[in-house]
Amino acid sequence: MSLFDSETSAKIRLTLAIAWTIVSVYVLLLPGDTPVIEGLAALLKNLGFTIGHFVGFGILAGLWQWTLLAYLSPRWALIGAISIALVVGLSTEVAQISVEGRGADVVDVIADMSGAIATVMWLYHARGRFDGQSATES
């Protein structure tokens, strides 16, 4: 049994992936003058926000890949996770245009997708090491 065993934890995976997606969308759509956003801005400045997008979307895509492995082959789980990250990233950036104190930023989308792709590719290749098989099996 492993973390990637599709029979043992599909519901937990799905719950974690959905919960992280909801939290991510919520935080990304908070107004700019919200104490949480102001606090993050003071703490992280511009570079920190980019790193935050990279890490946050890496977690989002990794959770979705882990979830989709319960239902799909490793290749399709990878493609699905990247697709979900792209849709969430693009839609939240577009939605931020209408949020006071926020705006769309191409750099954020690049950071989102970089984090998502780096994470799912690492998990795709690491999966074989965890399970004792190559990433391309199954």
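Computed from the coordinates by the stated procedures, all read-outs in this text should not be read as laboratory data. Keep in mind that what you see is a predicted model, and the values were worked out from it rather than measured. We place every Cβ from the backbone using ideal geometry, glycine too, and count neighbours over all the protein chains shown.
Here is how the numbers come out for the structure above:
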| quantity | calculated |
| --- | --- |
| Where labels lie 7 Å past Cα in the beta-carbon direction, separation of Val23 and Arg75 in nm | 3.4 nm |
| Relative contact order, percent, region 13-131 [alpha-carbon distance under 8 Å, six or more residues apart] | 35 percent |
| Scaled radius of gyration (Cα, divided by 2.2 N^0.38 Å) that region 13-131 gives | 1.09 |
| Under 5 Å, built H, 5+ apart or other chain: amide partners of Arg102 | Gly32 |
| Sorted by Cβ neighbour density within 10 Å, fewest at the top, the residues Leu78, Leu86 | Leu86, Leu78 |
